[in-house]
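Written out below as structure tokens is the structure these notes cover.
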Amino acid sequence: MAEDSLLITNARLVNEGHVTDGDLRVRNGRIETIAPSLAAAGSETVLDAAGRHLVPGFIDDQVHFREPGLTHKGDMATESAAAVAGGITSFMEMPNVKPPTTTRAAVAEKYARAAGRARANFAFYIGATNDNLDELRAVTPAEACGIKVFMGASTGNMLVDKAEVLEQLFADAPLLIATHCEDTPMIQANEAAARQKYGDDVPMSEHRLIRSEQACFRSSSMAVDLARRHDARLHVLHLTTAREMELFRSGPLDTKRITAEVCVHHLYFCADDYERLGTRIKCNPAIKTAADRQSLLAAFRDDRIDVVATDHAPHLADEKAESYFKAPAGLPLVQHALQSLLELYHDGLLPLELIVRKASHAPAQLFGIADRGFLREGYWADLVLLDLDRPTPATDATALSKCGWTPFDGVNFRSTITATLVNGQLAWQDGQLTGAIPGQRLNCNAAR
Ligand code: DOR
């Protein structure tokens, strides 16, 4: 048997709603065979899963890897290393870098930067502004995985707030539109009121009231209305409130024109955590109440939420330690995202098959990613071996993101990411990066 073949034996394969015992052979980067029992041949490398769970890799449709221009916080090499350590085998990266990725040429440049440096597979969004409509009209599904629209201001200066631009954009966008929804004028009014009350010393517990439920709902409902009127393909990113769940319907993904994403930190944390973690968990949209968290989990279970992602957004610890207004929003998450979802599995809140559907199958379907996201013969071998019975502590000292800290510092996760394969190559094994840099460009088709 050729050396490029690997046999994984005694695995519990989690795929398409089922958990089955079996073996899986990888050859030339792809899954060649899945069967109840396969015999190792010749000098074939064998990886005995010893009853551990094997899942398709997490496809993260929302990360900020900070390149170009913000590479003191992270870059494609460092953040993709953290990603594979966390079982993320593909990432889709956002345009709020320096300069912002708002032209097709700038997107192409990002693909060139990632090639040979990314440990996970990659795709890039093009960003909308108030004045790049012609560029957006010309973009093809092969050039970018989607159009990112900041309908609320966040890190970077990319707010699209002209009503006529939004109308034209939703009318003409040739690709899926992915929105950050928070109403900026409402947030600015809330910030002014908080400043009046507290001066610069605003307590973190105010963040969810400043970046309020109403600000989220106004903007998300506007995006949904625009998409309906123009029959656009809309994906609303990082939803955070019970009220916004009214805007989405459950049902099979392939029947939807409007889809919804939730991020791991909004499922794992809630407002009760601000006192302990402070600006470390400052993010936009804000982490809301325990009741909101419960509603997000319910919507995850009944399929009003279609996809789970991270919104991985590294900032340096010094920057995060500033006071409320100065501390930037965003958390490093890729390394521990899957482990945090598995905590929800251990707590009986989310079945394993459902986590795999929202983290792997759904993003592949939603973005038309060829031959990934499932354990299927002929598909790329993007695989994660999970030990659900072996704990792993998370600490700042073991954080792989360039920013060098994690919001999960001190958490003893009940699971371990034993191994991560990207395109058939081991990228992470037994707590170590292997040195392989197997990431490839994703072949997406998120056409309107
Ligand atoms: O908290 C956030 N951080 N939300 C965003 O929308 C952007 C991100 C970042 O890039 O820092």
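The values are calculated or read from the model by the stated rules, or taken from the named source; none is laboratory data. Given the structure is predicted, the values throughout are model-derived calculations rather than measurements. Virtual Cβ from ideal backbone geometry, glycine too; neighbours counted across all protein chains shown. Each accessible area value is taken on the protein alone, full model and side chains, heavy atoms only, with ligands, DNA and RNA left out. Shrake-Rupley method; radii C 1.70, N 1.55, O 1.52, S 1.80 Å.
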Residue check, L333 at pLDDT 95 or above, closer than 22 Å to P393 by Cβ, within 16 Å of the ligand (Cβ to nearest atom) and not in a helix (DSSP H, G or I): yes
Cβ-Cβ under 7 Å pairs, at least 6 apart or on other chains, the stretch 272-285 side within 18 Å of G156 (Cα to Cα) and aliphatic (A, V, I, L, M), far side assigned to a loop (DSSP other than H, G, I, E, B) and away from the ligand (no atom under 14 Å from the Cβ): none
Count of residues meeting criterion [β-branched (V, I, T) and buried (at least 23 other Cβ atoms within 10 Å of the Cβ)] in the stretch 353-376: 2
Members of the stretch 410-448 that are assigned to a loop (DSSP other than H, G, I, E, B), farther than 23 Å from R372 by Cα and in contact with a Pro (Cβ under 9 Å, 6 or more places away or on another chain): G410, V411, R414, S415
Whichever residue in the stretch 308-328 is more than 16 Å from the chain's Cα centre (by Cα), among the hydrophobic types (A, V, I, L, M, F, W, C) and within 13 Å of the ligand (Cβ to nearest atom) and, among such residues, is farthest from I287 (Cα to Cα): L316
Those residues of the stretch 336-352 which are crowded, with 22+ Cβ neighbours inside 10 Å and part of a loop (DSSP other than H, G, I, E, B), in sequence order: H336
Test: residue in the stretch 338-351 that is in contact with a His (Cβ under 9 Å, 6 or more places away or on another chain) and away from the ligand (no atom under 16 Å from the Cβ): yes
Failed item in (1) within 12 Å of the ligand (Cβ to nearest atom); (2) assigned to a loop (DSSP other than H, G, I, E, B); (3) surrounded by 24 or more Cβ atoms within 10 Å (Cβ to Cβ), with K148 passing the rest: (2)
Answer from S221, S250 - the residue that is open to solvent by 10 Å² or more (accessible area, probe 1.4 Å), outside any helix (DSSP H, G or I) and either modelled with pLDDT of 95 or more or at positive phi (or both): S250
All positions within the stretch 233-244 that are touching an Asp or Glu at 6+ places or on another chain (Cβ under 9 Å) and either open to solvent by 10 Å² or more (accessible area, probe 1.4 Å) or among the aliphatic types (A, V, I, L, M) (or both): V236, L237, L239, A242, R243
Residues (open to solvent by less than 30 Å² (accessible area, probe 1.4 Å), within 16 Å of the ligand (Cβ to nearest atom) and more than 25 Å from N443 (Cα to Cα)) located in the stretch 155-180: M158, V160
Filter result for D60 (at pLDDT 95 or above and out of contact with any Pro (no Cβ under 8 Å at 6 or more places or on another chain)): no
Hits in the stretch 163-179 (condition: among the small types (G, A, S) and within 22 Å of M94 (Cβ to Cβ)): A173, A178
